[in-house]
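Asks: Quick one: the structure is below, and I'll ask about it shortly.
The values are calculated or read from the model by the stated rules, or taken from the named source; none is laboratory data. None of these values were measured; they are calculated from a predicted model. FYI the Cβ positions are ideal-geometry reconstructions off the backbone, even for glycines, and counts take in every protein chain you see.
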Amino acid sequence: MLIIHHWDTDGITSAALTVKALNLEDFVNVTPPIGEYKFDYRINKYIEKYEKIYVLDLNLPQEVENITKETIFIDHHIQKRIKNPNVKQINPVLDGKDYPSASFVVSEYFSLWNYLSAVGAIGDIGEKAFSISKVKKLLDIANISKKEALKLVNLIDSNYIVMERNEVENAVKVILNLEPKDLLEYEKWNKNLEKINDAIEEAISNMEIKNGIAFIKFKSKFNIISKVARKVVWKMGYDGAVVVNEDFNGKAQIYFRISSNLVDKINMTELIQTLKNKNYNAGGKKDVLGCICEKDDVDEVLKIINSYLR
């Protein structure tokens, strides 16, 4: 069996939950190139080899439209219905429901709930997840404090942030083999965190504020763009953050996150579709947008985002 999952905590925990639910001993898990929302040659070669495929926490419905294998597509992002009859699409958003994470959708689908379900949700919506009674209950059962849960998210995320694709994939097996207390002390992940925190602080030092919105531009080989935006909105309390990594492996990354104050004022779904209609690689949810583009296209993408901010 092949499991294709997102590179962040939600994707990794969703993959681990799937393995546990199906009692898999023989499986392969892979993630797309970090920061790129597409299946590459490596993933497509894996798809050719396996008869059953799970796609988890990846807002890439277009990538499975032509798959001829049995595919279970589990997600919680805004997306269109998949037309391919070989694909079973499990996404509550299509029925007008809102789930905090793919890990919650996976847990509900398999009727398997544990601390990984909660950690996946915290990874996607941050401290807001602690207001969800299910999250608090699952953490209490596992004897994991709020501080420990937040650190677990940062540790698991560290693999993609330092751009180690193989380590992202290996993280699923690490999580399956170690108890939460051991994960908190996992040396490699803790060393990653030290480098990442320094890079985030440097990026935020270049922040400009306009009407409650933080605008940040920086250059980094680390994939810290979402972490920068989350810290600015969730920790520092700004209404939104428009963050640009001007040189990320030869491309530009743009990330736009808004607080709950602006969710009803900015139509993020429409904004994402506007960018897609202009053939930009964009995706997201009602409060966040991510886009990968050529460096020369940054000004055009920012112009479109600014039109919605006005």
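Asks: Restricting attention to region 127-165, report how many residues are part of a helix (DSSP H, G or I), β-branched (Val, Ile, Thr) and modelled with pLDDT under 95. Walk me through it before giving the result.
Replies: Filtering region 127-165 for residues part of a helix (DSSP H, G or I) gives 127-131, 133-141, 146-161, 165.
Remaining after also requiring β-branched (Val, Ile, Thr): 135, 141, 153, 156, 161.
Going one step further and asking which of them are modelled with pLDDT under 95, we end up with 161.
Counting residues in region 127-165 that are part of a helix (DSSP H, G or I), β-branched (Val, Ile, Thr) and modelled with pLDDT under 95 gives 1.
Asks: I would also like to ask the following. Filter region 41-65 for residues that are closer than 20 Å to LEU17 by Cβ and of a type in the set (Ser, Thr, Tyr); which is surrounded by the most Cβ atoms within 10 Å (Cβ to Cβ)?
Replies: TYR54
Asks: Can you give me the number of residues within region 283-303 that are free of Cβ contacts under 8 Å to residues at least 40 places away in the same chain and either of a type outside the set (D, E, K, R) or farther than 26 Å from ALA102 by Cα (or both)?
Replies: In the first step, residues of region 283-303 are kept if they are free of Cβ contacts under 8 Å to residues at least 40 places away in the same chain; the result is 287, 289, 291, 296, 299-300, 303.
Okay, now just the ones that are also either of a type outside the set (D, E, K, R) or farther than 26 Å from ALA102 by Cα (or both), so 289, 291, 296, 299-300, 303.
Residues in region 283-303 being free of Cβ contacts under 8 Å to residues at least 40 places away in the same chain and either of a type outside the set (D, E, K, R) or farther than 26 Å from ALA102 by Cα (or both): 6 in total.
Asks: With respect to GLU108, determine if the residue is surrounded by fewer than 21 Cβ atoms within 10 Å (Cβ to Cβ), out of contact with any Cys (no Cβ under 7 Å at 6 or more places or on another chain), in contact (Cβ under 8 Å) with a residue 40 or more places away in the chain and in a helix (DSSP H, G or I).
Replies: Values: surrounded by fewer than 21 Cβ atoms within 10 Å (Cβ to Cβ): yes; out of contact with any Cys (no Cβ under 7 Å at 6 or more places or on another chain): yes; in contact (Cβ under 8 Å) with a residue 40 or more places away in the chain: no; in a helix (DSSP H, G or I): yes.
Judged against the criteria, GLU108 is not a match.
Asks: Kindly state which strands (runs of 3 or more DSSP E) lie completely within region 195-290 and contain at least 1 residues that are surrounded by 17 or more Cβ atoms within 10 Å (Cβ to Cβ) and under 18 Å from the mean Cα position of the chain (by Cα).
Replies: Numbers: elements: 208-210, 213-218, 240-248, 251-258, 281-285.
Strands (runs of 3 or more DSSP E) meeting the threshold: 240-248, 251-258, 281-285.
Asks: May I pose another question? Which of the numbered conditions does PHE73 fail, given that it passes all the others? Conditions: (1) crowded, with 21+ Cβ neighbours inside 10 Å; (2) part of a loop (DSSP other than H, G, I, E, B).
Replies: Of (1) crowded, with 21+ Cβ neighbours inside 10 Å; (2) part of a loop (DSSP other than H, G, I, E, B), only one is false for PHE73: (2).
Asks: Residues ILE74, ILE78, ILE47, ILE34: which one is aliphatic (A, V, I, L, M), under 21 Å from the mean Cα position of the chain (by Cα), at pLDDT 95 or above and not assigned by TED's automatic domain parsing to the domain that holds ASP287? Outline the logic, then answer.
Replies: Working: ILE78 fails: at pLDDT 95 or above; ILE47 fails: under 21 Å from the mean Cα position of the chain (by Cα); ILE34 fails: at pLDDT 95 or above.
Being aliphatic (A, V, I, L, M), under 21 Å from the mean Cα position of the chain (by Cα), at pLDDT 95 or above and not assigned by TED's automatic domain parsing to the domain that holds ASP287 holds for just one of ILE74, ILE78, ILE47, ILE34, which is ILE74.
Asks: What tally of residues in region 2-24 results from selecting those that are surrounded by fewer than 18 Cβ atoms within 10 Å (Cβ to Cβ), part of a loop (DSSP other than H, G, I, E, B) and in contact with a helix residue (DSSP H, G or I) (Cβ under 9 Å, 6 or more places away or on another chain)?
Replies: Let us first name the residues in region 2-24 that are surrounded by fewer than 18 Cβ atoms within 10 Å (Cβ to Cβ), namely 20-24.
Now restrict to residues that are part of a loop (DSSP other than H, G, I, E, B): 22-24.
Retained after the next criterion (residues that are in contact with a helix residue (DSSP H, G or I) (Cβ under 9 Å, 6 or more places away or on another chain)): 22, 24.
Here the count works out to 2.
Asks: Determine which single condition TRP234 fails, assuming it passes every other condition in (1) closer than 20 Å to ASN59 by Cα; (2) touching a residue at least 40 places away in the same chain (Cβ under 8 Å); (3) not small (Gly, Ala, Ser).
Replies: It fails just one condition, (1).
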